[in-house]
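The structure appears below as structure tokens.
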Amino acid sequence: MNDSAKPEVALAEERIDSTFRNGSLTAIGVVVGFSLSFLSRWAGLPGEWTRVDLVAVAVILLGIALQIMSLSVMLGIRSLLVRRYKLAVRLFLTGLSAVCLGVLLAVFASVVGLGPGVLGG
């Protein structure tokens, strides 16, 4: 078999600039810190916990876990590859959405009176 019959292999995957990745890494780290801080502050408030609160906390914890996974992916040197960078961004945005959903659940439950709840004071 001659060399001309072999399929061409891509020499390198598309990459992003490390400066761009570093900015994204900083933003993700800050948001993860805020999410953890919010959860810590909320857990320290006095009041009874209801089932709705526990559902909201579970959604928030899932979101924080996804954000931390995103941070982990972004910290790797392979995150300079466009494919890995996009994965990290998708994980982060999914996690951020889950945290927002959990907070909205808790606020909505408190507003409609589904129990005293932690946010309801």
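Since every read-out is calculated from the coordinates, none of them should be taken as a lab result. Remember, it's a predicted structure, so these values are computed and weren't measured experimentally. Backbone-built Cβ (ideal geometry, glycine too); neighbour counts: all protein chains shown.
Overview of values
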| quantity | calculated |
| --- | --- |
| Of the criteria (1) within 16 Å of Cys100 (Cβ to Cβ); (2) surrounded by fewer than 16 Cβ atoms within 10 Å (Cβ to Cβ); (3) in contact with a Lys or Arg (Cβ under 9 Å, 6 or more places away or on another chain), which one Arg78 fails | (1) |
| For Val32: the one exception among (1) assigned to a helix (DSSP H, G or I); (2) exposed (fewer than 14 other Cβ atoms within 10 Å of the Cβ); (3) not acidic (Asp, Glu) | (2) |
| Scope the range 21-44; condition over 11 Å from Val103 (Cα atoms) and in contact with a Leu (Cβ under 8 Å, 6 or more places away or on another chain); matching residues | Arg21, Leu25, Ile28, Gly29, Val31, Val32 |
| Count of residues meeting criterion [out of contact with any helix residue (DSSP H, G or I) (no Cβ under 6 Å at 6 or more places or on another chain) and either free of Cβ contacts under 8 Å to residues at least 12 places away in the same chain or hydrophobic (A, V, I, L, M, F, W, C) (or both)] in the range 46-67 | 8 |
